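I have placed the structure first, in the form of structure tokens, so that the comments after it can refer back to it.
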Amino acid sequence: MPRGRPNADQVADPKTNKMEAVRRAMDTLGYDASPTEIQKHIKDNFDQVMSANMISSYKSTLRNKAGLTGRRKKRGRPRKAGAAATSAALPVSSHDAVPWKDLRTIKDIAGRLGKKGLRDLVELLD
């Protein structure tokens, strides 16, 4: 099949233009339809044979053009609800930060007491 711009007949006819066939199938089935459902719909209605991989690629292109995002989840551990609220409520400025000298002192104490001992000490101070 030659590459380049399709002529006016190809743009309107989903039997010769695969992108148009996928576009019409997604209009009928919706954006949440799987590539195999779209493949079956295209085969039944337009007599086109397309791989599910090609349909998925066209579907991604159409979703991006429509301004829809993918369905992937963010990776990593979900944030705690309390942690986000406390960090947003208390802005930290440079004069409120803990000095390096104090952090080194805490590290020295942790080295002497161990992690469990330091944790017990912090709980005792609460």
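The values are calculated or read from the model by the stated rules, or taken from the named source; none is laboratory data. Note that this is a predicted model, so its numbers are computed, not measured. Backbone-built Cβ (ideal geometry, glycine too); neighbour counts: all protein chains shown.
Computed values, structure above
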| quantity | calculated |
| --- | --- |
| Filter pass, GLY67 being exposed (fewer than 10 other Cβ atoms within 10 Å of the Cβ) and modelled with pLDDT under 70 | no |
| Which listed residue is modelled with pLDDT under 90 and out of contact with any Gly (no Cβ under 6 Å at 6 or more places or on another chain), from THR36, THR16 | THR16 |
| Residue count for the range 20-51, restricted to those that are surrounded by 13 or more Cβ atoms within 10 Å (Cβ to Cβ) and over 18 Å from LEU68 (Cβ atoms) | 11 |
| Test: ARG72 is modelled with pLDDT under 85 and surrounded by 10 or more Cβ atoms within 10 Å (Cβ to Cβ) | no |
